[in-house]
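K.L.:
Structure provided below as structure tokens; questions to follow.
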Amino acid sequence: MAANFYKDENNKLKKALNSTKTLMNMVIHDLRNPCSQIKFSILFAMNKLDSISKMQQRFQDQMETQYEAEGSLHQLTLSLASDN
């Protein structure tokens with residue numbers, strides 16, 4: 001029973017060590033090759049800018065729709081006023 005406990009603990013430690021080694025290798029690779037991180041950052045920023053641009057376009061479309069509706073209401077008010 002104690003032997004199984006130690007085997008399980010040993011396996012857990014081996015998995016943790018392998019995960020740590022994998023993470024460290026990734027960090028070392030990124031430090032040696034910063035271009036991949038720079039590329040990722042640029043793509044991330046471009047994606048954010050695209051999202052902002054789409055939001056601005058939606059806002060502008062909403063404002064134009066509202067302006068057109070207000071213009072139609074104004075014309076209707078003028079025509080009603082001229083009928084009286």
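K.L.:
For ALA16, state whether it is modelled with pLDDT of 80 or more, at negative phi and out of contact with any Asp or Glu (no Cβ under 8 Å at 6 or more places or on another chain).
P.N.:
yes
K.L.:
Determine if the range 35-57 includes at least one residue that is part of a helix (DSSP H, G or I), surrounded by 10 or more Cβ atoms within 10 Å (Cβ to Cβ) and touching a helix residue (DSSP H, G or I) at 6+ places or on another chain (Cβ under 6 Å).
P.N.:
The answer is yes; a qualifying residue exists.
The values are calculated or read from the model by the stated rules, or taken from the named source; none is laboratory data. These numbers were taken from a predicted model, which means no experiment stands behind them. With ideal geometry, Cβ positions are generated from the backbone for all residues, glycine too; neighbour counts draw on all protein chains shown.
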